[in-house]
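Pasting a structure here, questions to come.
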Amino acid sequence: MYYVQEADKPNILLNLFNIIRLEEDKIILPITVQEEINPKKARKLAQKTKKILDETTCNKIILSKEIKKQKNYKNYLYSNNIDIVDGKWLFEVLSAKSLEYIINKKNMKKEETQVSILVNEMTDNILENIRQIVQEYKRVNIVTNHIEKFKKIEEEILRKDGIMINVNNNKRKSLIKSKIILNVDFPTELINKYNIYDEAIIVNLKGNVKINKKRFNGMNINNYQISFYNSEEFDYDKSNLYEQKDIYEAQIYQKQPFEYIERKIKRDKVKIIQLVGNRTTL
C-alpha cells in the first residue's frame with residue numbers, strides 16, 4: 001500500500017514535467033498549492049500513479065488531506081479501479097461507538113433516546129452493531145425497504161437476545177420521534193422522503209448525504225475522526241498529513257470475523273474524537 005501526498009516545497013522542474021517522486025511507501029506529487037489542478041495535469045499524474053502501482057502489483061492507496069481535495073485526480077484514479085481507502089468501511093464497524101459518543105457528548109439518557117437505523121443491505125458488521133445497540137437502547141427501529149428480509153433478523157434477535165425491535169417503513173412516522181438516526185445506506189433522495197425529527201442527529205455511514213428539510217435544525221454527520229495507538233506515530237507525514245481513520249482502516253483485514261476486528265479495535269484503543277456535521281462538529 002502507498003501513501004499519496006503533496007510536495008513539501010515548490011519545485012519548478014518537477015511541476016513543469018509532472019514528475020512524481022517515490023520515497024519508500026510514499027508517492028509524492030508535484031503539487032504544493034491548495035487550489036485544484038486542471039484536468040490535463042490530473043490525468044497525467046493519475047496515469048503515472050497507476051504505473052507505479054502496476055509495477056509494484058499494488059492497488060491500494062491512502063490520500064493525504066490535501067490530495068483528497070483534488071477531485072479531478074481522484075476521479076481519474078477511480079476510473080482506473082484503484083482502491084482509495086476512505087474510512088467508510090471503518091465507520092460502519094464503529095457504528096455503536098458513534099452512538100455512544102453522541103450520547104456522552106449530548107448528555108442524553110439511553111433509556112429515553114429512540115434510535116432508528118436506516119438500512120437496506122445488511123452486512124455482518126452492521127448486524128453485530130445492531131446486536132450491541134439493542135442491548136443498550138430500549139427503543140430501536142429498523143427502517144428498511146426490505147421488511148420481509150429484516151423481519152427474520154427481528155425474530156432472530158428476539159429469539160437469541162430476548163429483545164424486541166421494530167421493523168417498519170412508515171415514511172410519515174418512522175423517524176418523527178428519533179433523536180438519533182444511524183443511516184447505513186439510504187442515499188439523499190431516499191432519506192428525504194421521510195418525516196424527520198427537527199433536532200435529530202443523523203449519522204451517515206456512507207457520507208455525502210444532504211437533508212433538504214426546511215425545518216431540520218439538527219446535525220447531519222457525514223464524516224468523523226479517530227485516535228488510536230499508532231506504532232507509526234514517529235512518522236511526521238503520516239501523523240499530520242493524513243487522516244488517522246484512513247490509516248487505521250488500511251491496517252485491518254476486512255474479511256476476518258467481527259469479533260477479531262473488535263478485539264483489535266479494543267487493543268489499539270480506538271476512540272472517536274470528532275463527528276463532523278453539516279454546520280458544526282461534535
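Under the condition of being of a type in the set (D, E, K, R) and under 20 Å from GLU6 (Cα atoms), which residue from the range 71-93 is nearest to the chain's Cα centre (by Cα)?
ASP86
Let me ask something additional. It is to be established whether one or more residues within the range 137-158 are touching a residue at least 60 places away in the same chain (Cβ under 8 Å), of a type in the set (S, T, N, Q) and in the same structural domain as ASN104 (by TED's automatic domain parsing).
no
Which one of ASN145, ASN168, ASN107 is at positive phi and out of contact with any Asp or Glu (no Cβ under 7 Å at 6 or more places or on another chain)?
ASN107
Hey, any hits in the range 119-126 for a residue that's in contact with a helix residue (DSSP H, G or I) (Cβ under 9 Å, 6 or more places away or on another chain), farther than 26 Å from GLU259 by Cβ and at pLDDT 90 or above?
Checked against the condition, which is being in contact with a helix residue (DSSP H, G or I) (Cβ under 9 Å, 6 or more places away or on another chain), farther than 26 Å from GLU259 by Cβ and at pLDDT 90 or above, the range 119-126 yields no hits at all.
I'd like the full set of residues that are surrounded by fewer than 18 Cβ atoms within 10 Å (Cβ to Cβ), not hydrophobic (A, V, I, L, M, F, W, C) and not in a loop (DSSP other than H, G, I, E, B), limited to the range 1-40.
ASN15, ARG21, GLU23, LYS26, PRO39, LYS40, listed by residue number.
Looking at (1) closer than 18 Å to LYS60 by Cα; (2) crowded, with 16+ Cβ neighbours inside 10 Å, which is the only condition LYS255 fails?
(2)
Taking only pairs six or more apart or across chains, which ones have beta-carbon atoms under 7 Å, a first residue in the range 12-41 that is hydroxyl-bearing (Ser, Thr, Tyr), and a second residue that is buried (at least 17 other Cβ atoms within 10 Å of the Cβ)?
Once the first residue is hydroxyl-bearing (Ser, Thr, Tyr) and sits in the range 12-41, its partners that are buried (at least 17 other Cβ atoms within 10 Å of the Cβ) give THR32/GLU6.
Can you tell me which residue among ILE201, ILE265, ILE181, ILE165 is of a type in the set (A, V, I, L, M) and more than 22 Å from the chain's Cα centre (by Cα)? Quick ask: steps written out before the conclusion?
Values: ILE201 fails: more than 22 Å from the chain's Cα centre (by Cα); ILE265 fails: more than 22 Å from the chain's Cα centre (by Cα); ILE181 fails: more than 22 Å from the chain's Cα centre (by Cα).
Within the list ILE201, ILE265, ILE181, ILE165, the selection yields ILE165.
The values are calculated or read from the model by the stated rules, or taken from the named source; none is laboratory data. A quick note: this is a predicted structure, and the numbers were derived from the prediction, not measured. For neighbour counting, all protein chains shown are included, and Cβ atoms are generated from backbone atoms with ideal geometry for every residue, glycine included.
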